[in-house]
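The values are calculated or read from the model by the stated rules, or taken from the named source; none is laboratory data. Keep in mind it's a predicted model, so treat the numbers as computed, not measured. Every residue, glycine as well, gets a Cβ built from its backbone with ideal geometry; the counts of neighbours run over all protein chains shown. What goes into the accessible areas is simple: the full protein's heavy atoms, side chains included, and nothing from ligands, DNA or RNA. Shrake-Rupley method; radii C 1.70, N 1.55, O 1.52, S 1.80 Å.
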Amino acid sequence: MIIVKSREEIELMRESALIVSKTLGMIASEIKEGVTTLYLDKLAEEFIRDHGAEPSFLGLYGFPNSLCMSPNAQVVHGIPNNKPLESGDVISVDCGAYKNGYHGDHAYSFEIGEVAPETKKLLQVTKESLYVGIRELKLGNRVEDVGNAIQRYTEAHGYGVVRELVGHGVGQKMHEDPEMPNYGKKGRGKLFVEGMVVAIEPMINMGTRNIKQLKDGWTILTADGKPSAHFEHDVAIIDGKPEILSTFGYIYKALGIVSNEEDEFRREPLVL
């Protein structure tokens with residue numbers, strides 16, 4: 001059952017989402033060659049707590065850390081460790097924060113040093129597909145309209161769309177209805193309603209869509225060892241249209257990137 005949020009609840013969710021956004025912006029300033037993911041995880045936990053929130057992922061279903069950090073062929077759910085990042089790596093950083101009874105949850109794939117052109121393209125197309133999908137989150141559409149848009153966009157570039165892992169509703173619980181797959185057929189799935197909030201998160205592989213899991217019980221890898229990319233936003237339906245509650249703006253500010261990609265999904269400009 002889809003849990004509809006009031007405008008007041010959505011504003012509380014926006015606050016949680018923006019704590020995640022700020023955390024990822026902080027990570028953007030720290031993530032570089034030679035740094036370990038465990039070090040970044042500790043920074044993130046401190047940052048989240050300093051902003052009056054709790055790390056959503058820490059202890060969730062038994063997960064041991066505050067960030068899911070998944071480099072290269074890892075798709076999602078990578079566990080932070082003491083291995084230093086290297087130039088040429090790409091890494092998905094997925095973060096959650098819980099404040100005022102509501103979760104925020106989103107993710108960004110970072111480049112470390114000099115990244116291969118074909119891998120940079122994978123990240124670019126995956127991020128573009130996120131917004132392609134968000135445009136379909138509107139009254140009159142259904143769940144698989146979003147997935148179909150993401151699937152068509154990414155498969156047109158020859159990429160593999162992960163089937164076993166999906167986006168989800170978000171609110172007082174980290175994972176709520178509906179599941180939001182990144183594939184599907186137009187006109188199929190639950191009907192979107194005013195006030196729903198979901199996390200849309202394309203997980204796209206350079207090669208095969210097939211995946212495998214490490215013995216740690218968490219880390220998901222591409223079956224062929226090729227890189228994967230992952231981007232995620234929290235999005236609400238307000239006045240029948242999609243509105244992004246999270247932002248990559250703090251990341252872009254840290255990295256010196258100028259972008260207006262989120263503007264069409266905001267009723268009012270976001271002041272960082």
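The table for this structure:
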| quantity | calculated |
| --- | --- |
| Selection from the stretch 227-246 of residues that are within 16 Å of Ser129 (Cα to Cα) and polar (S, T, N, Q) | Ser228 |
| Test: residue in the stretch 257-266 that is of a type in the set (Val, Ile, Thr), touching a strand residue (DSSP E or B) at 6+ places or on another chain (Cβ under 8 Å) and modelled with pLDDT of 95 or more | no |
| In the stretch 256-272, the residues that are farther than 16 Å from Lys138 by Cβ and hydrophobic (A, V, I, L, M, F, W, C) | Ile257, Val258, Leu270, Val271, Leu272 |
| Failed condition for Asp177, given (1) in contact (Cβ under 8 Å) with a residue 24 or more places away in the chain; (2) farther than 21 Å from Ile134 by Cβ | (2) |
| Residue in the stretch 1-13 that is at pLDDT below 95 and either part of a loop (DSSP other than H, G, I, E, B) or of a type outside the set (Asp, Glu) (or both) present | yes |
| Residue identified as touching a Ser or Thr at 6+ places or on another chain (Cβ under 9 Å) and in contact (Cβ under 8 Å) with a residue 60 or more places away in the chain among Asp41, Asp94 | Asp94 |
| Selection status of Leu122, modelled with pLDDT of 95 or more, under 19 Å from Cys95 (Cβ atoms) and open to solvent by less than 70 Å² (accessible area, probe 1.4 Å) | no |
| Gly187 under 28 Å from Arg142 (Cα atoms), open to solvent by 10 Å² or more (accessible area, probe 1.4 Å), in contact with a helix residue (DSSP H, G or I) (Cβ under 9 Å, 6 or more places away or on another chain) and in contact (Cβ under 8 Å) with a residue 40 or more places away in the chain | yes |
| Leu60 vs. criteria of a type outside the set (Gly, Ala, Ser), within 22 Å of Pro202 (Cβ to Cβ) and modelled with pLDDT of 95 or more | yes |
| Some residue of the stretch 148-160 being touching a helix residue (DSSP H, G or I) at 6+ places or on another chain (Cβ under 6 Å), within 30 Å of Thr119 (Cα to Cα) and of a type in the set (Phe, Trp, Tyr) | yes |
| Number of positions in the stretch 195-227 that are open to solvent by 10 Å² or more (accessible area, probe 1.4 Å) and of a type in the set (Gly, Ala, Ser) | 4 |
| Identity of the residue in the stretch 154-184, within 17 Å of the chain's Cα centre (by Cα) and small (Gly, Ala, Ser), that ends up surrounded by the fewest Cβ atoms within 10 Å (Cβ to Cβ) | Gly169 |
| Considering residues of the stretch 44-65 that are part of a helix (DSSP H, G or I), open to solvent by 10 Å² or more (accessible area, probe 1.4 Å) and in contact (Cβ under 8 Å) with a residue 24 or more places away in the chain only, the residue farthest from Gly78 (Cα to Cα) | Phe47 |
